[in-house]
1. What list of ³J(HN,Hα) values in whole Hz, one per residue of region 123-138 in order, does the Karplus curve 6.51 cos²θ - 1.76 cosθ + 1.60 (θ = phi - 60°) give from phi, with Gly and Pro shown as x?
2. Give me the number: length gained by fully extending GLU110 to ARG163, i.e. 0.36 nm times residue separation minus the C-alpha to C-alpha distance, one decimal in nm.
3. Per residue, how many Å² of accessible area does region 47-92 show with a 1.4 Å probe?
4. How would you rank 107-116, 53-62, highest first, on the average number of other Cβ atoms within 10 Å across their residues?
5. I need the calculated FRET efficiency for the pair MET140 and THR94, taking r as the beta carbon distance and R₀ as 30 Å, to the nearest 0.05.
6. Find the all-direction average of the projected area of the Cα convex hull for region 50-140, expressing the result in square nanometres with one decimal place.
7. Fully extended, how many nm does the chain gain between ASP66 and GLN39 (0.36 nm per residue separation, minus their Cα-Cα distance)?
8. In Å, what Rg and Dmax follow from the Cα atoms of region 91-160?
Amino acid sequence: LNMTRNHLLAAACALACGSTLSPLASAQNAGRSVQDVVQRADCPNLGVGIDSYHIFAAKTPLDEIDYLDPSKIFLVQLADFMWNEIKTVEERITTARTFRVFPGEGVHSEALAELVLKLHQLGYRGDYSFEVFNDDYQQMPLETVAARARRAALWLGEDVLRRSVPLPNQMRLR
């Protein structure tokens, strides 16, 4: 949920462990994507939420992003993970809850960059958030985890999108 000046925006996301909705729309899953649900609901404050983990875990082709209306993308969550394939629903759930890593730290960095660039080319100019659930991070010092998050933000902004990243007490321009 995102609060913006006197109204609430809600984003609907599809989960990789679900079998009812696809994360993105395509000709193959017509009528069964989150975007289809958002369109049928016809509510101005309901939009699509994109979670990179669920897209990659479900092996959703990135070409399906072309079907999205960028004005209806309300949330983009980014995370990476350490294996190329997740075979069972149970593995998807476990990975989603405990093994996500920051963007740029896993084996899907190239695909994450492609996802972000496709969204940018589509016209999405909203925010990105990191949806990182990792049991190892809970055992690390907070400063270490924060440094990894900062490194991921710089990777996303400067290396992928090639724009300056606003950081407290610093001006970074490329």
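The values are calculated or read from the model by the stated rules, or taken from the named source; none is laboratory data. No experiment lies behind these values; they were computed from the predicted model shown. Note that we place each Cβ from the backbone using ideal geometry, even for glycine, and neighbour counts take in every protein chain shown. The accessibility values were calculated without ligands, DNA or RNA, using every heavy atom of the protein model including side chains. Shrake-Rupley method; radii C 1.70, N 1.55, O 1.52, S 1.80 Å.
1. Using θ = phi - 60°, the values come out as x, 5, 10, x, 7, 10, 10, 9, 9, 10, 10, 8, 4, 5, 4, 5 Hz.
2. Stretched fully, the GLU110-ARG163 segment lengthens by 17.3 nm.
3. Heavy-atom accessible area per residue stands at 44 Å².
4. Put in order of decreasing packing, that is 53-62, 107-116.
5. 0.90
6. 5.9 nm²
7. So the chain would gain 8.1 nm between ASP66 and GLN39.
8. 13.1, 39
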